[in-house]
Amino acid sequence: MNVEQHGTPRHHGGGGNWRRLAWFLASIAVVVTAVLLGAMIGPAGPPAWRIPLAFLDHLPGVDIDSGVSEAQWSLIWNIRMPRVILAGIVGAMLSVGGAAYQGVFRNPLVDPYLLGAAAGAGLGATLMIAVWGDVGRDWPVAPVPVVSFLFAMATVAVTYMVGASFGGLRSSTTLVLAGVAMVSLTTAIQTFVLQRNSEVVREVYNWILGRVSTATWTDVRLVTPYVVVSCVVLFLHRRHLDMLRVGDDEAATLGMPVARVRLVVVAAATLGTAAVVAVSGLIGFVGLLVPHAVRMVAGSSYRRLLPLTAAFGAAFLILVDIPGRTLTAPAELPIGVVTAFFGAPFFIFLLRTHQVAG
Amino acid sequence: MSSLEFASVTVRYGKREVVRSFRASVASGGWLGVIGPNGAGKSSLLRAAVALVDFTGDVLVDGVSLSLRSRSRRAALLAYVPQNPLLPYDMTALEYVLLGRSPFVSYFGTESRHDRALARDVLGRLDVSEFAERRLGELSGGEQQRLVIARALATEAPILLLDEPTSALDIGHQQQALELVARLRRDHGLTVVSAMHDLTLAGMYADHLALMHEGSVVAYGPAADVLRPETLAEFYVVRVTVHHEPDGTVVVIPRRESFD
């Protein structure tokens, strides 16, 4: 018997409808709280406590005096809210993508950047900023996100083809190794380009560190379709991800088309990841931290894990963005730095409190 | 119930033939024990039957080639228990046994009430109902082994393929597990193919034995015909005494080399 040896979580979600309902309500409460806090806290604007009133005031059919002026409301609605919503979408997508990747590769250390989504996006952005700056000048949309999205998808596609043609699709190991090789290759090219164009290092570096600070409703509208498609496909494969937990071979003998499921899940997770990376840059650690944190408290069944991961991932990124914009106001801390700075100790705390000899 | 036929099954890893033209037919309700030294090709043969390795030749169920069946139909016909099943440590026993119902769940579907009831029923039949909500990592080796068999039984497949089903178990749990399979075979007409190391146990439960050596079948028949001291000495390079009990049981006893 090969029992996977991991820390054994203390809590775990058994069956039971009331428990499912409790988790459902808890996730909604967490997301709503995070959104409200995100909207309430910021360096400028009206007093925080008036902001929930302003939200109520703007609901159709509700008319209360919130004491928030139109100009202040405009600041909240057009500056703060897109940022909060985008952080939520990015956090949810990276977390669900991470959980899905961990599922199809049956590897807890995997994040959605494994097969080159982030490295490809980074190369695309670098090339666009450093070399092709003139090309995208008259494009109708911002060129850097578009190019980084295309590079992210292309890099993962190449990884997949290389892995599949040399290793066959019976084992995921070749695919992971192909990912490692592609990431190295892409990063090397990126470094070369940067070294030749050192005047844009700062701009590229800012992009790489990740940001939701410049978010607009346009960004939100841009990524939402990809994220929705990606998440719907991944949610539809929750049962398959659970089957893969007993291994490729056994999943196959239980009638599952393993290679096809892996391709579909990787494609869907990559689509969403590439889209959010394109607008927000490389925000690390979320795709690793959130799924594991949820596993520790709610168990590993993907049927519960995926929805909870989406909710808690959204809340996590919204919340870590708050210190990002307040601690050094009016300057901004890059969100990629804040996720790691707050995420790593929290993760260690979870490991410590939930670990029992495996 | 269903019969199973291996028609010249050959498995190659690269240039090496690990199973050579294996032929055998197992009647409906029969039990074929596949024995042989390590590396003889027992596991590869079973893996070929469930299409985990490429092979030439054919595997037929009730006279129809499995290659003509859909993936989920194949999974519904043959339940396979691998030698080293991977047990996710925090999957509950019920979730695990429920996986056995997967061949009957549509691609985007989910297990029905009937599937859940059946999984619970199987847990009951194996006397492990009390583990339903326990996690696999908390259970003992014997309990885990029973759950692996439970998962295979939950499929309600007419054919059960067992790869070393009891190698990790103590003598008591070995007997329990094999008795369970024997009982199900008697009650439900299950057809069983098992790869086994313990020759005495293999002879006791299977009605036919196939002794494999370097991929080929070198002896085939009832236990008394296959388990002969000179045959075993030749292929296992072992010194044994074979003892025949009055009830027909064949007991294989290893002997020490004598130095005087």
Exercise for the section: Return the residue satisfying two criteria in turn: it lies in segment A:94-119 and is within 17 Å of A:LEU306 (Cβ to Cβ) and among the hydrophobic types (A, V, I, L, M, F, W, C), and of such residues it is modelled with the lowest pLDDT. Expected result: A:VAL110
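Results for (1) within 28 Å of A:TYR160 (Cβ to Cβ); (2) hydroxyl-bearing (Ser, Thr, Tyr); (3) away from chain B (no Cβ under 11 Å), shown as yes or no for each residue.
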residue	(1), (2), (3)
A:THR216	no, yes, yes
A:VAL223	yes, no, yes
A:VAL229	yes, no, yes
A:VAL258	yes, no, no
Completion exercise
Given the conditions (1) touching a residue at least 60 places away in the same chain (Cβ under 8 Å); (2) hydrophobic (A, V, I, L, M, F, W, C); (3) at the interface with chain A (Cβ under 9 Å from one of its Cβ atoms); (4) surrounded by fewer than 16 Cβ atoms within 10 Å (Cβ to Cβ), every one holds for B:ALA27 apart from (3)
Practice task
Tell me, please, whether a residue that is modelled with pLDDT under 95, surrounded by 24 or more Cβ atoms within 10 Å (Cβ to Cβ) and within 11 Å of chain B (Cβ to nearest Cβ) can be found in segment A:281-296.
Solution key: yes
Problem - Subset tally (residues that are within 20 Å of B:GLY36 (Cβ to Cβ) and either among the acidic types (Asp, Glu) or surrounded by 12 or more Cβ atoms within 10 Å (Cβ to Cβ) (or both)) for segment B:233-247 - result: 8
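State the number of residues belonging to segment A:231-256 that are away from every other protein chain (no Cβ under 14 Å) and either modelled with pLDDT under 95 or not in a helix (DSSP H, G or I) (or both).
Number satisfying all stated conditions: 0.
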Practice task
Inspect segment A:297-309 for any residue being buried (at least 24 other Cβ atoms within 10 Å of the Cβ), modelled with pLDDT of 90 or more, on the phi < 0 side of the Ramachandran plot and away from every other protein chain (no Cβ under 14 Å) and give the result as yes or no.
Solution key: yes
Fill in the blank from the handout: Inside segment A:105-127, the number of residues satisfying the requirement of being in a helix (DSSP H, G or I) and surrounded by 24 or more Cβ atoms within 10 Å (Cβ to Cβ) is 10
Handout entry: Qualifying residues in segment A:207-247 (those that are surrounded by fewer than 21 Cβ atoms within 10 Å (Cβ to Cβ) and among the small types (Gly, Ala, Ser)) - the one nearest to A:VAL84 (Cα to Cα)
Key = A:SER213
Exercise for the section: May I ask you to verify whether A:LEU209 is under 30 Å from B:GLU111 (Cα atoms) and at pLDDT below 85? Expected result: no
Practice task
Report, ordered by the first and then the second residue, all pairs with beta carbons closer than 6 Å, sequence separation of six or more or different chains, a first member in segment A:123-137 that is in contact (Cβ under 8 Å) with a residue 40 or more places away in the chain, and a second member that is outside any helix (DSSP H, G or I).
Solution key: A:ALA130/A:ASN197
Practice task
Could you grab me the full set of residues in segment A:321-334 that are touching a residue at least 40 places away in the same chain (Cβ under 8 Å) and hydrophobic (A, V, I, L, M, F, W, C)?
Solution key: A:ILE322, A:ALA329
Fill in the blank from the handout: All conditions in (1) within 24 Å of B:GLN145 (Cα to Cα); (2) in contact with a Pro (Cβ under 6 Å, 6 or more places away or on another chain); (3) surrounded by fewer than 21 Cβ atoms within 10 Å (Cβ to Cβ) are true of B:ALA75 except (3)
Practice task
For B:ALA224, indicate whether it is buried (at least 16 other Cβ atoms within 10 Å of the Cβ) and of a type outside the set (Phe, Trp, Tyr).
Solution key: no
Practice task
State whether one or more residues within segment A:282-291 are more than 26 Å from B:ARG135 (Cα to Cα), of a type in the set (A, V, I, L, M) and in a helix (DSSP H, G or I).
Solution key: yes
Handout entry: Unmet criterion (only one of (1) touching a strand residue (DSSP E or B) at 6+ places or on another chain (Cβ under 7 Å); (2) free of Cβ contacts under 8 Å to residues at least 60 places away in the same chain; (3) on the phi > 0 side of the Ramachandran plot) for B:GLY41
Key = (2)
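The values are calculated or read from the model by the stated rules, or taken from the named source; none is laboratory data. Because the structure is predicted, anything quoted here is derived from the model rather than measured. Neighbour counts are summed over all protein chains in view; Cβ atoms, including those assigned to glycine, are modelled from backbone coordinates with ideal geometry.
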